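The values are calculated or read from the model by the stated rules, or taken from the named source; none is laboratory data. All values derive from a computational prediction rather than experimental measurement. In this analysis, Cβ positions are derived from the backbone assuming ideal geometry, glycine residues included, and neighbour counts consider all displayed protein chains. Just the protein is used for accessible areas: all its heavy atoms, side chains included, with ligands, DNA and RNA removed. Shrake-Rupley method; radii C 1.70, N 1.55, O 1.52, S 1.80 Å.
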Amino acid sequence: MSNSTKYVFVTGGVTSSLGKGIISASLAKLLQARGYSTTIQKLDPYINIDPGTLNPYEHGECFVTDDGAETDLDLGHYERFLNVPTSQANNVTTGRIYQSVIDKERRGAFLGKTVQVIPHITDEIKERIQILGNKGDYDIVITEIGGTVGDIESLPYVEAVRQMKWEFDEDCIVIHLTLVPYLAAAGELKTKPTQHSVKQLLELGVQPDILCCRTEHELGLDLRRKIAKFCNVNMNAVIESRDASTIYDVPLLMQTEELDKVVLEKLHLTTKSSPDLSSWKSFLKRLKEPKQEVSIGLIGKYVELKDSYKSISESFIHGGVANEVKVNVKWIHSEEITSQTAEELLGSLDGVLVAPGFGSRGISGKIETVRFARESKIPFLGICLGMQCAVIEFARNVLGLPEAHTTEIVDSCKSPVISMMSEQKNISNMGGTMRLGAYDCQLMTGSHVSNAYQKDKISERHRHRYEFNNDYLSQFEENGMIATGKNPNSGLVEVVEIADHPWFVGAQFHPEYKSTVANPHPLFVAFIRAALKNK
Ligand code: GLN
């Protein structure tokens, strides 16, 4: 069967956390830089429909796409590397696969047949993989299979890959990412875990075409030869993947190893043009040679698990590079901040960011942080719950409404300055029912935000249930907190600023989801610039 789209599968062996997402994104970057339109998809073997209902401690940040899909954080890496938006089709979970098959069964779509893992679940998986290819927009679809080969959960996915390799023949290859550990006592790199992991794939009928070997030390020729021989791959298809000082180095490391060239050869695509990575390289140079430093506090309740704020910390990297500064992010637990500790914890910072979040834990520390930033005139960026805290703080301490709150925390509070939208009130299902995805926003000319964006009409991604309560808007504006961004259709407040402050911005949307290497987010760039000025 021939198909104009080529499929590359990325599987993982030996252990989790080898960085399949970064390898996939780096390969995609190299292929894109050679002129191939490429997209990346993640298949997640868990039964949740999407990670939207998962605690960040379980699975890190939930990344949101323009079309409102709540997805795996790897999609954030794909967008940051490729500068191309992803969509719901780029992230599929076992839950979604089963839900779709069970819905079809209820509709009678299987005509009385027994519905089974093979072929029905595997067919559904194959269909989801090909949705992206069939759109005709992509030359190459890279599909990353979550989890580790050998897990019970991954079996149907590996079987779907086996079938696709059989059906698509030369249009389909498998890259297996493994670990080559260093045994200090023996003073040696060990290939046995890789051999076993490839054997496990072979038992499932899949011969990997390329092995990407994570290692802390150089893979010598002898080791490459040994791995090639025991795992039935060409010598040039044994790719070394060394630990890097930044994830943004990985595309260049993979280029040195010629991963892109081997992939293209195996897919029978031309390797004539060489990748144009000039702007990527200039980003890296500026990243590694900053002219100054600033220190910015990130105040959140999951700070011990930095993956929970992945897109925010990457946005600081992009925005820092745009300003030629290194942003030292100080991760501060919101539960530690009180009126007594605020000065000590926040006093030396050049700027503070109050993070998004849900629920009551740590919220008083976030509100206290806003007070400190407002009164001390430290540049402030509040995102989603961070913006809502800014509104609550202003209501309590400037408008003199001591019982101001969000109805998320105190349902019957006396001054509900943040409250639920009427269309949210009758919702009982928690999954996928927030205000999600891209919405337009009209900015006020001359505001900090419109100066940052250099335009007045923007579109940003949302993920929340509660909103600024417009019943209070005039009271806020009369006292100096201005709505400088509004949804042009619904009139909902999207951005607030304090007039009498060097740089104080609260955004109901999530700018961090749209920051990429090629396009550092304007709000982060402006926030870092303000922090630099405050230094
Ligand atoms: N919990 C708040 C809401 O649902 C804010 C959500 C967020 O910060 N992403 O409106």
Check: What FRET efficiency would be calculated for the residue pair ASN429, SER279, taking the C-beta separation as r and a Förster radius of 45 Å, to the nearest 0.05?
Finding: 0.55
Notebook entry, point to check: Want the number for ILE118 to ASP440: 0.36 nm per residue separation, take away the alpha-carbon distance, what's left?
Noted result: 111.5 nm
Note to self: Suppose all protein chains stay in the model; what accessible area per residue would a 1.4 Å probe give for the range 89-206, in Å²?
What the structure shows: 47 Å²
Margin query: Quick one: the Cα spread of the range 299-406 along its three principal axes, in angstroms, biggest first?
Written below: 41, 27, 22
Item checked: Mean accessible surface per residue for the range 484-535, computed with a 1.4 Å probe while every protein chain stays in place, in Å² -> 32 Å²
Checklist line | 17 Å Cα-Cα reach of LYS261 towards aspartates and glutamates, excluding residues that sit fewer than 8 places from it in its own chain | finding: ASP139, GLU170, ASP171, ASP209, GLU240, ASP276
Notebook entry, point to check: Once the piece of chain linking GLU344 and SER412 is laid out straight, how much longer is it, given 0.36 nm per residue of separation minus the C-alpha distance between them?
Noted result: 21.1 nm
Notebook entry, point to check: Which is farthest toward the positive dipole end of the chain among ILE247, PHE81, SER278, measuring Cα position about the Cα centre, with Cβ charges +1 (Lys, Arg) and -1 (Asp, Glu)?
Noted result: SER278
Item checked: ARG106, ARG162, ARG529, ranked by accessible area, largest first (probe 1.4 Å) -> ARG106, ARG529, ARG162
Next item on the list: Report the GluC sites (Glu not before Pro) located in the range 205-300 that are in a DSSP loop and have at most 14 other Cβ atoms inside 10 Å of their Cβ, or state none.
Entry: GLU216, GLU218
Notebook entry, point to check: Computed over the Cα atoms of the range 330-467, what is the convex hull's projected area averaged over all directions, in nm²?
Noted result: 9.6 nm²
Next item on the list: Please determine, in degrees from 0 to 90 and to the nearest 10, the orientation of helix 192-203 with respect to the longest principal axis defined by the Cα atoms of the chain, where the helix direction is its Cα long axis.
Entry: 80 degrees
Next item on the list: Take the Cβ-Cβ distance between GLU127 and SER364 as r, set R0 to 60 Å, and report the resulting FRET efficiency rounded to the nearest 0.05.
Entry: 0.80
Notebook entry, point to check: Once the Cα atoms of the chain are picked out, what are the Rg and Dmax in Å?
Noted result: 24.9, 75
Margin query: Probe radius 1.4 Å, ligands and nucleic acids ignored: give me the carbon and sulfur share of the accessible area of the chain as a rounded percent.
Written below: 48 percent
Check: Between the range 44-105 and the range 485-531, what is the C-alpha centre distance in whole Å?
Finding: 25 Å
Check: Where does the charge balance sit around LEU443 when Lys and Arg score +1, Asp and Glu -1, over other residues with C-beta under 14 Å from its C-beta?
Finding: -2
Item checked: the range 119-256: Cα Rg divided by the 2.2 N^0.38 Å rule of thumb -> 1.14
Check: What value, in deg cm²/dmol to 500, does the helix sum -39500 (n - 2.57) over DSSP H runs of n ≥ 4 give at 222 nm once divided by the residues of the chain?
Finding: -10500 deg cm²/dmol
Notebook entry, point to check: Using +1 on the beta carbon of Lys and Arg, -1 on that of Asp and Glu, and nothing else charged, what's the dipole of the chain about the Cα centre, debye to 20?
Noted result: 840 debye
Next item on the list: Would you mind getting me the FRET efficiency between GLU289 and LEU183? Use the beta-carbon distance for r and R0 = 35 Å, nearest 0.05.
Entry: 0.45
Item checked: Protection-proxy order for peptides 387-396, 343-352, each taking the mean of Cβ atoms within 10 Å per residue, highest first -> 387-396, 343-352
Checklist line | Cα-based equivalent ellipsoid, the range 182-306: semi-axes from gyration tensor eigenvalues, Å | finding: 32, 23, 15
Note to self: Quick check: pseudo-label points 7 Å beyond the Cα along Cα→Cβ at GLU477 and GLU170, how many nm apart are they?
What the structure shows: 6.6 nm
Next item on the list: Straight distance only, please: which lysines reach the Cα of LYS291 with their own Cα at less than 20 Å, same-chain residues fewer than 8 apart left out?
Entry: LYS281, LYS326, LYS330, LYS533, LYS535
Notebook entry, point to check: Ranked from highest to lowest mean number of other Cβ atoms within 10 Å per residue, what is the order of the peptides 243-250, 490-497?
Noted result: 490-497, 243-250
Note to self: List the lysines whose Cα sits under 19 Å from the Cα of LYS457, skipping any in the same chain fewer than 8 residues away.
What the structure shows: LYS486, LYS514
Next item on the list: Express the accessible area of the range 228-340 per residue in Å², computed with a 1.4 Å probe while the remaining protein chains stay in the model.
Entry: 46 Å²
